[in-house]
Structure formats: C-alpha cells, structure tokens
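Laboratory data are not the source of any read-out in this text; all were calculated from the coordinates shown. These numbers come from a predicted model, not from an experiment. FYI the Cβ positions are ideal-geometry reconstructions off the backbone, even for glycines, and counts take in every protein chain you see.
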Amino acid sequence: MKKIKKVAVVGLGYVGLPTLVAIAKTKLYETVGFDLNKKKINDIKKGINPIGDKEVTLYLRDNKLNVSLDEVVLKDSNVFIICVPTPIDDNYEPDYSLVESAIKLVCKYIKKGCHIVLESTVNPGTCEERLLPIIESLTKYKVGKDINLAHCPERINPGDPRWNVYNINRNIGSINKKFNKQIAEFYRTFITDAKVNEVSSLKVAEATKIVENTFRDINIAYVNELAMSFDAMGIDLKETIEASSNKPFAFMAHWPGCGVGGHCIAVDPYYLIKRAALSGFDHRFLKVAREINNGMPQYTVDKLIKEMKKLNMPLKKTKVVLLGLTYKANVADIRESPSMKIKEILESLDILIETYDPYIKGKYNCLEDAIDGMQTIIIGTGHQEFINSLPVILSNSKVKIVVDGKNCLDRDQIKKMGIIYKGIGR
Ligand code: SAJ
C-alpha cells in the first residue's frame, strides 16, 4: 500500500477546516484544502477563520494553510477527505448532490493505492450503493483492489468548548480490512487524544452516526411529549428531569423546547427512515418522534396566543419580539432553526413581529433596543446573553408575557416582576 505523503480535504466548513488544521499540525504530510466558496478561501488565505473553532483561529494566526478554489490543488494526494453538507430537500429526502459532486471531482485526481474518505453523514449503504459505482465508472480503478473507499462519520459539535477533532473518539470502516487498517493508522496520527475504532464495514460506519443522532432526536421528542402532557397536568417537567437526573445510572437527561433544529439531529432521522423504507421497513417510531419535534414551534406559538387572548391583546396590533433565531444557543447557524419556524407561523397569523439575535445581524443592535416598548416576548434560542441580561431588562420594561421556548430563564424571578411566564413543560 502507498505511503501517505499528501492529504487533501474537500469542503472547508465546521468539519473540514478543523480536520485540515489537525492534519497540518502533525507536519507529517503535505496538506491541501479545497472549497467552492471564494470568500471562505480568501479569508483563510488572509488568516481569517470563517468558523468559530478556536484551534483553527490559533493555527491561522501563525501558519499558512494551503487552500484553493482551484481543483488542481488535489493532484497527487494519497488521501482525499470529503466533508461536504448532506442536507434534506423539501420532501425530507436525503440530498447527496454535494457528496456526489465531490466524489466526481476527486475521481479526476485519484491514483492507485489512494484512500477516499467520506466524513459527511449519510445513511447506511450510500458508499457502496451510490459512491462506489461513480468511482468505478469514472476511473479505471477497482474499489477494494486498487483504491480504498472509507467512511469516518464526523462528530464535530459546533460551539462545544470541550470536545473537538483531537479528543472525540471516531469509528472508521472501509471497503476491506486491509485498507481500513492503513487509513485508521493515518487517522491516529492526528486524532491524538481519542480512540480510532476500526469497524467491520462501510455500512456499520455509516449506521453509527445515524444511530447516534436518531437516538438524540427520539429522546428530545420524548421530553417534548412529556412537556405537553405535564403542561396539561401543571407539573414542572424541567424540575422533574433535573430530579430524575440524580439517578446515577440508566437515565440520560434531554430537555424540552420549542423544537429541534440544526443540520444533524433534525435531518439525520430522515436518512434512516428513507433508506429502511427501500428495504421494506417502516420506522413508525422515528416518524412520530419527528412529528412531535416538528410540532413544537406551533405549540410554542399557541401558548403565546392563548395568553394574549386572556389579556385581550389584539393579535394583529400587538408587536411580538422573537429573541433568538439560531438553532441552538451561542452558535450562529439558523439551519432548520425552530425560531425561523416560529417566525413563519407568527407572520402567517399577521402578527407584527420583531426579532433579535446577537449572532445574526438585524434591525436591532442590542437586546435593550429590541425589547423597548414591547409587551410580548417569545424566546426561541437560549443564548447566554439572554440568560445574563433579560431579567434586568424585563424588570424595567412594558413586557406583559414571556414565552420561554428554551426554558432558559428563572421562572419565579420573572413571575415576581408581575410578568406572565410560560415555559415548555413549565
Ligand atoms: N435540543 C433540544 N433538547 C435537547 C437537546 C437539543 O431541544 O435536550 C435541540 C437544540 O435546541 C437544537 C437541536 O435540538 O435545536 C439540536 O441540538 P444539538 O445539541 O443536538 O446540536 P447539534 O445539532 O449541533 O448536534 C451536534 C451533534 N453532533 C454531531 O452530529 C457530530 C450531536 O450528535 C450531538 O449530540 C450534539 O451536537 C451535542 O451533544 O451537542
């Protein structure tokens, strides 16, 4: 098997860029990065980090990364790591177009003995059923004999201060054990503080990521359903889960909220649902969990409307301010964001809506201005700024109703101000 001298990363987002930096830091390989986004490439060349990852910022401060818009940069690579998005389309169908484009691009530059590693999340079977035929139709190489096709699902957690590409365990599967051993050894040269586990096949590697993220989605759906039930019974679910969490085994807390966003948890279950259906299995439970989570933005708006009606607030004349647009706290990403769904629902009711998110440029430059003169608030994202600053601002405001879609505020503190507080499950 060929010695690994040059490594190319295709797709320099929140997965690809930290991966490229981790490999470059080993100083064992010539490392190159390719992306289609001109601004991103120019930023990186100027030492500007386009994502929040602090290791990338540090590295770019004192080092140059060889990144390019020109695909020729991929030439002579022994390893191609593909880290491009795998979204779903409007019908919740997996969209592999970016992965397939990346594979076709890489096929122009692969040589005998090289490894193609897909890190993007795909459903089980994608590598062998979709990508392998493309590679063998575009090149003279036989996957498994001349070149390796591997899958090492990414586990980057955007905004996480603790877990990163160096210390998160990884699973890797290849077209055969021989190639898998070599590519796993390569991964171990830059994943310095975690295990690189060789699994027996591509399908198992693909399945692990889908199972991890579907596990999270169904558990969030569980507590979201509990939240609706406990609201009806007048039981504080947040306190209940906190109490249940002191069980030292066999309990894993998840938290109710106004919905599930992001391009992992809200998306990955659909991959499995669709792929299993092709094999004749209907994932009823996964589908119900998705319906529950997708219904939480409406549930949150319904809570607000109910309280506005109790105060005889005219729906079409009372301004509502939606705080938080991103899909999770302290991250500047609005993909599949429940807040954006809440915004759509409010607009469909012709309710006047203002928005503020410290991570998204908008009409207001600060929280105080966004709340000034407002009577009703929906919190869609639990940003730290809201937790820190809202109580003081609310105590000097005209706000009458707060619907806390992320249960991020101290309910009793807000109620003591004479403000109606409604959480999700509390
Ligand atoms: N959410 C809840 N309740 C919860 C947890 C999350 O409503 O108890 C919501 C969040 O508000 C958000 C969505 O679900 O809208 C997704 O949140 P997330 O914390 O799962 O964040 P992601 O989408 O960034 O998920 C990533 C995933 N990492 C990878 O795919 C490599 C996921 O596997 C991780 O479990 C997750 O980060 C994490 O633990 O933070």
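Using alpha-carbon positions, what is the distance between the centroids of segment 296-310 and segment 388-426, in Å?
15
Highest mean first, how do 229-240, 196-207 rank when packing is the count of other Cβ atoms within 10 Å averaged over residues?
Those peptides, ordered most packed to least, come out 196-207, 229-240.
Could you work out, for segment 174-317, what percent of all Cα-Cα pairs fall into each 5 Å distance bin, beginning at 0 Å and stopping at the bin that holds the largest distance?
Histogramming segment 174-317 at 5 Å steps yields 2, 8, 13, 14, 13, 13, 12, 10, 6, 4, 2, 2, 1, 0, 0 percent.
Please list, in chain and number order, the residues 5+ apart from residue 82 or on another chain whose amide H is under 5 Å from its amide H, with Hs placed from the backbone.
Long-range HN contacts for residue 82: 10, 117, 118, 119.
Which value in deg cm²/dmol, rounded to the nearest 500, describes the helix-derived mean residue ellipticity at 222 nm for the chain, given -39,500 (n - 2.57) per DSSP H run of n ≥ 4 and division by the residue count?
Estimated from H runs of four or more residues: -12000 deg cm²/dmol.
If you bin every alpha carbon distance in the chain into 10 Å steps from zero, what whole percent lands in each bin?
Computed distribution, short to long bins: 4, 20, 27, 23, 16, 8, 2, 0.
Where the centroid of each part is defined by its Cα atoms, how far is segment 21-53 from segment 180-227 in Å?
Rounded to whole Å, the Cα centres lie 25 Å apart.
Mind checking which lysines have their C-alpha under 26 Å from residue 39, skipping anything on the same chain fewer than 8 residues away?
Within the straight-line limit of under 26 Å, residue 39 reaches these lysines: 6, 25, 54, 64, 75, 104, 108, 328, 361, 363.
Show me, for segment 107-113, the HN-Hα J-couplings you get by feeding each phi into the Karplus relation (A = 6.51, B = -1.76, C = 1.60, θ = phi - 60°), rounded to Hz, glycine and proline as x.
4, 6, 10, 6, 10, 4, x
Quick check: the angle from helix 284-294's long axis to the longest principal axis of the chain, C-alpha only, nearest 10 degrees?
Compared with the principal axis, the helix lies near 50 degrees.
Among the aspartates and glutamates, which fall within straight-line cross-link reach of residue 400, defined as a Cα-Cα distance under 13 Å, with same-chain neighbours fewer than 8 residues apart omitted?
307, 372
Pairs 145/209; 287/310; 309/341; 27/181: which exceed 24 Å Cα-Cα?
Where the Cα-Cα span goes over 24 Å, the pairs concerned are 145/209; 287/310.
Residue-wise, which Karplus ³J(HN,Hα) couplings in Hz belong to segment 216-222, taking 6.51 cos²θ - 1.76 cosθ + 1.60, θ = phi - 60°, and x for glycine or proline?
Those phi angles translate into 5, 4, 5, 6, 5, 4, 4 Hz.
Using a Förster radius of 56 Å, what is the FRET efficiency between residue 253 and residue 146 based on their Cβ-Cβ separation? Nearest 0.05, please.
Computed FRET efficiency for residue 253 and residue 146: 0.70.
Dividing the convex hull volume of the alpha carbon atoms of segment 6-200 by its residue count, what do you get in Å³ per residue?
Each residue corresponds to 116 Å³ of Cα convex hull volume.
Taking the Cβ of residue 239 as the centre, find all other residues whose Cβ is under 13 Å away and add up their charges (Lys, Arg: +1; Asp, Glu: -1).
Surrounding charge for residue 239 is -1.
Modelled label-to-label distance, residue 97 and residue 166, 7 Å Cα→beta-carbon offset: nm?
3.8
Once fully extended, how much extra length lies between residue 244 and residue 108, figured as 0.36 nm per residue of separation less the alpha-carbon to alpha-carbon distance?
Computed gain between residue 244 and residue 108 is 43.5 nm.
What's the exposure ranking of 217, 62, going from fewest to most Cβ atoms within 10 Å?
So the residues, fewest neighbours to most, are 62, 217.
Quick check: pseudo-label points 7 Å beyond the Cα along Cα→Cβ at residue 63 and residue 366, how many nm apart are they?
Going from the residue 63 label point to the residue 366 one covers 4.0 nm.
Counting only other residues whose beta carbon sits under 13 Å from that of residue 104, what net charge do I get with K and R as +1, D and E as -1?
Counting the neighbours of residue 104, the net charge comes to -1.
So what's the net charge close to residue 379: Lys and Arg +1, Asp and Glu -1, counting the other residues with Cβ under 9 Å from its Cβ?
0
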